[in-house]
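First the structure, then my questions, so here it is.
The values are calculated or read from the model by the stated rules, or taken from the named source; none is laboratory data. None of the values given here were measured: they were computed from a predicted structure. Note that each Cβ is placed from the backbone with ideal geometry, even for glycine, and that neighbours are counted across all protein chains shown. Please note that ligands, DNA and RNA were not included when accessible areas were found on the heavy atoms of the full protein model with its side chains. Shrake-Rupley method; radii C 1.70, N 1.55, O 1.52, S 1.80 Å.
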Amino acid sequence: EPKIDQIMQAKMQLAREAQRAEAAKAAAENKAKGAAFLAELAKKPGVLKDPSGFYYEILKEGDGPVPTMADTVRLHYHGTLIDGTVFDSSVERGQPASFPMGGVIKGFSGGLSKCRAGGKVRIYVPSELGYGDNPRPGGKIKPGDTLVFECTLLEVSK
C-alpha cells in the first residue's frame, strides 16, 4: 500500500505540473492579446490612461462626489472580456451592487475613482490590475485576461 500511495502521489504531482504549465501558457497568450487590445484602445479619442496602467473613458459626467478608497459605492456594472464574453453584470441581474472601494480589484476601484456619482465610466483593466494569473477556478475569467467594465456610479457613501 505505501508503494501504491507513492506512485499515486508522483502521478498527481506530474498532473499538477502539467496543469500549471498549461495555465502559464494561457496566461501569456491572454496577456499578449490584452496588450494588443490596449495598444489599439490607446489611440481612441477620449480614452485616458492612468499611471497605474488601466485605461478609462468617461461616458457621462456625473455631478456627485468622487469616491475614495475609504468609501462604499453603489453602482450598476457590466463586466466583459475583450472578446465581449460577459463574466458578471449587475445590469443583467437587475439589481445594483454595493461594495467598499478597497474590496475590489485595483483597476476597477481605480477606474471608479475617475467618475463622479451620477456618471458613467468604461474601465479597461489589464491582467496585472485585475485577477492576474490566478482567477477563480472554473469561472469565465482565465489567467492573464484583460477586463472591461461599464459602470454607472449611483451613489458614494462613507
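Filter the stretch 82-117 down to the residues that are open to solvent by less than 30 Å² (accessible area, probe 1.4 Å) and part of a loop (DSSP other than H, G, I, E, B), then identify the one that is farthest from GLU22 (Cα to Cα).
The residue in question is ALA117.
From GLY62, GLY53, grab the single residue that is surrounded by 13 or more Cβ atoms within 10 Å (Cβ to Cβ), modelled with pLDDT of 95 or more and on the phi > 0 side of the Ramachandran plot.
Result: GLY53 is the single residue among GLY62, GLY53 that is surrounded by 13 or more Cβ atoms within 10 Å (Cβ to Cβ), modelled with pLDDT of 95 or more and on the phi > 0 side of the Ramachandran plot.
When you look at ARG74, is it of a type in the set (Lys, Arg) and farther than 24 Å from ALA32 by Cα, yes or no?
Here the answer is yes, as ARG74 does meet what is asked.
Let me ask something else about it. Could you list, in sequence order, all residues of the stretch 22-43 that are open to solvent by 90 Å² or more (accessible area, probe 1.4 Å) and at pLDDT 95 or above?
GLU29, LYS33, GLU40, LYS43 - these are the residues of the stretch 22-43 that are open to solvent by 90 Å² or more (accessible area, probe 1.4 Å) and at pLDDT 95 or above.
Just to be sure, is ALA10 of a type outside the set (Val, Ile, Thr), more than 22 Å from GLY130 (Cα to Cα), at pLDDT 90 or above and open to solvent by less than 60 Å² (accessible area, probe 1.4 Å)?
The answer is yes for ALA10.
Given (1) open to solvent by 50 Å² or more (accessible area, probe 1.4 Å); (2) within 19 Å of GLU155 (Cα to Cα); (3) not small (Gly, Ala, Ser), where does ILE4 come up short, assuming only one miss?
Only one criterion is unmet by ILE4, namely (2).
Scanning the stretch 129-158 for residues that are outside any strand (DSSP E or B) and touching a helix residue (DSSP H, G or I) at 6+ places or on another chain (Cβ under 7 Å), which turns out most open to solvent (accessible area, probe 1.4 Å)?
That would be LYS142.
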